[in-house]
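*Asks:* Please read through the structure below; I'll follow up with questions.
No lab work stands behind these numbers, since they all come straight from the coordinates. What you see is a predicted model; the values in this text were computed from it and never measured. Positions of Cβ are generated from backbone atoms using ideal geometry, with glycine treated the same way; all protein chains shown enter the neighbour counts.
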Amino acid sequence: MEDVDWQALAATLRAQTGLEVSRLRVEGETLVIEAEATRFRKDLQAEGRANRVLHNRLPAEITHFRYRLSSNGLALREDEHPREAFVAAANDRRFGAEYEHSITARAASPAPDDDASAEAATLLDREPAGFNWGFSPNLKQNFGGPDGYLYQLNLQLDALWRTDRNGWFSGVATYQLADNYENYEYIADSDLPRVRTYVGDYVKETDLGITNLQYTRTHQFGRDWYAQAYGGILEMMYAGVGAEVLYRPMNSSLALGLDINRVRQREFDQQFGLRDYSVTTGHATAYWQSGWHDVLVKGSVGRYLAGDIGATLDLSRRFSNGVSVGAWATMTDAGDDYGEGSFDKGLYVSIPLDAFFTTSSKGSTGFAWAPLTRDGGARLNRRYQLYYMTDDRDPEGYWEGIDKVYK
């Protein structure tokens, strides 16, 4: 073990598997790899590739590889692979079933204490990479409404600086390349505060705007409770502070979340100025993996940006290729003040980026469709949501990748 370059091993795992290693530990005959999976949509594919790297680099005294996966400092799952069973299956697929049944997957608790076991030894302990950034095009579309097809094409600068494993600053600046929002004229007939129908003013006021600049911090309460707090410029139209709590047990189809936010409307130039309107908004949300054709049911109850109180039902289906299709509807207590239609609705599609490129990616792109821009039933566009941050807790999603473990 003294001959192993652990820094080089972590760099190889990042390059070949997309695992961002934060710690390497030895517990008896088991190597524990604490990491965040950043590249492959299926964690088993990343772990299978890592098995090959570790088998080629480590002495025979290490008999098991245990992957402790996290997301933004939140411990999600532990997957243990017997080394001998993996090598046998990799050399002869007739041993595949025996190896696959030898993998154990369980919920991960917050990081264990190094002194908890006399046989435990930390080989590598490092903070995540501090700063990264990138440019990308961004297309926003709205069609089917009274103003016809509306679009906005932006060049987007996205940057992130991690202060530690549980905290980071994020920022997004956009430069408007082209749009046709001069055609945006329809304003819903509503007596509610104009919390979304100013969108045309935000687009036309400036070509260069800040759409996100916030600090986010996560925390884990025991094995199944997650939390985050955030503050700053939260989206194009609102700045403020907020917090979210999520209860998501392993091997459960049900999760429960609660978020609350105090926000204020931003000036149209999308810089640092604020308007007079402010509101407290938040929702209690239940997430249910129905088991019927991979349909996810989300039900939310709470207070929206215009101060109206109501509920949103969201149904979505994720296909095996990573594409998600969904629809939602919102009804509130605004009554006659709501305006045309008395409720809101829309459709959306999310497509994984690796459908367009030869390299694997966990990222996705997509579009949403709503016939009208309304003030009633409008929600804050929070950049980070704990349910999607903890996707690795989905046991079915993990085992769906079993065919990719050898690739």
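*Asks:* Suppose each label sits 7 Å from its Cα in the direction of the beta carbon; what would the HIS55-ALA286 distance come out to in nanometres?
*Replies:* 4.6
*Asks:* Quick one: Karplus J couplings for segment 7-19, per residue in order, coefficients 6.51, -1.76, 1.60, θ = phi - 60°, nearest Hz, x for Gly and Pro?
*Replies:* 5, 5, 4, 5, 5, 5, 4, 5, 5, 9, 10, x, 7
*Asks:* Could you compute the net charge surrounding LEU380? Neighbours are other residues with a C-beta less than 14 Å from the C-beta of LEU380; K and R count +1, D and E count -1.
*Replies:* Surrounding charge for LEU380 is +3.
*Asks:* Based on the Cα atoms of segment 269-373, what semi-axes does the equivalent ellipsoid have, where each is the square root of 5 times one gyration tensor eigenvalue, given in whole Å with the largest first?
*Replies:* 30, 20, 13
*Asks:* Less than 13 Å Cβ to Cβ from GLN270, Lys/Arg counted +1 and Asp/Glu -1: what total charge do the surrounding residues give?
*Replies:* Summing Lys and Arg as +1 and Asp and Glu as -1 gives -3.
*Asks:* Amide H to amide H under 5 Å from VAL295: which residues, 5+ apart in sequence or cross-chain, H placed 1.01 Å off N in plane?
*Replies:* SER290
*Asks:* Let's see if you can work this out: charge +1 on each Lys and Arg Cβ, -1 on each Asp and Glu Cβ, no other charges. What is the dipole magnitude of segment 16-96 about its Cα centre, in debye to the nearest 20?
*Replies:* Around 340 debye, computed over segment 16-96.
*Asks:* Which links in LYS140/LYS345; LYS140/LYS404; LYS204/LYS362 stretch past 27 Å when you go from one Cα to the other?
*Replies:* With Cα atoms farther than 27 Å apart: LYS140/LYS404; LYS204/LYS362.
*Asks:* With a bin width of 10 angstrom, please list the P(r) values of the chain as percents of all Cα-Cα pairs, from the 0 bin to the one holding the largest distance.
*Replies:* Each 10 Å bin holds this share of Cα pairs: 4, 19, 29, 24, 14, 7, 2, 0.
*Asks:* Report the GluC sites (Glu not before Pro) located in segment 24-111 that are in a DSSP loop and have at most 14 other Cβ atoms inside 10 Å of their Cβ, or state none.
*Replies:* For GluC sites (Glu not before Pro) across segment 24-111 that sit outside H, G, I, E and B with at most 14 neighbouring Cβ atoms in 10 Å, the list reads GLU29, GLU61.
*Asks:* I would also like to ask the following. Looking only at ASP392, ASP294, ASP344, which one moves most when the chain is put into a Gaussian network model with springs between Cα atoms under 10 Å?
*Replies:* Looking only at ASP392, ASP294, ASP344, the largest GNM fluctuation is found for ASP294.
*Asks:* What does the charge count near GLU78 come to, summing +1 for each Lys or Arg and -1 for each Asp or Glu among other residues with Cβ under 10 Å from its Cβ?
*Replies:* Its environment carries a net charge of +1.
*Asks:* While we're on this one: Stretched out fully, how many nm does the piece from VAL301 to GLU84 gain, at 0.36 nm a residue minus the Cα gap?
*Replies:* Net length gain for the segment: 73.1 nm.
*Asks:* Moving on. If I model a spin label at GLU182 and TRP161 as a point 7 Å from the Cα along the Cα→Cβ vector, what separation in nanometres do I get?
*Replies:* Reported label-point gap for GLU182 and TRP161 is 3.9 nm.
*Asks:* If you don't mind, there's one more thing I want to ask. Once amide H atoms are built 1.01 Å from N in the peptide plane, which residues 5 or more positions from ASN72, or in another chain, come under 5 Å H to H?
*Replies:* Distant-sequence amide H within range of ASN72: zero hits.
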